[in-house]
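Okay, so here's the structure we're looking at.
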Amino acid sequence: MSSQRFELVFSEETGGREDVVVVTATGLSGPGGHPVYEDPTGIVRAEISDRGEVRVLASGGGQSPARVVRARPVE
């Protein structure tokens, strides 16, 4: 699953509302050795594996990562 851009889909565990953020490859690797992606503000950062597994990375103090996040490649 190699893409330069992904949509990160944040959803509530109850299956309700979804928030979508587009992230772009940074050229960096995360703690798991997979590419790191971020939104234009640099606030939303995530490591995405080649199997589509998402690890949200804290970009500042006081952040608590979302529990339910999916990645969709953007063409």
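The values are calculated or read from the model by the stated rules, or taken from the named source; none is laboratory data. Please read all numbers here as calculations on a predicted model, not as lab measurements. Please note: Cβ atoms are built from the backbone with ideal geometry, for glycine as well, and neighbour counts cover all protein chains shown. Remember, those area values only see protein heavy atoms, side chains included, never the ligands or the DNA or RNA. Shrake-Rupley method; radii C 1.70, N 1.55, O 1.52, S 1.80 Å.
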Residues within the range 1-15 that are open to solvent by 60 Å² or more (accessible area, probe 1.4 Å), in contact (Cβ under 8 Å) with a residue 60 or more places away in the chain and within 13 Å of ARG70 (Cβ to Cβ), tallied:
1
Looking at VAL22, VAL9, can you tell me which residue is of a type in the set (A, V, I, L, M) and modelled with pLDDT of 95 or more?
VAL22
List pairs: first residue in the range 31-56 and under 17 Å from VAL74 (Cβ atoms) and of a type in the set (A, V, I, L, M), second residue surrounded by fewer than 15 Cβ atoms within 10 Å (Cβ to Cβ) and modelled with pLDDT of 95 or more anywhere in the structure, Cβ distance under 7 angstrom, at least six positions apart or on different chains.
VAL36/THR26; VAL36/LEU28; VAL36/SER29
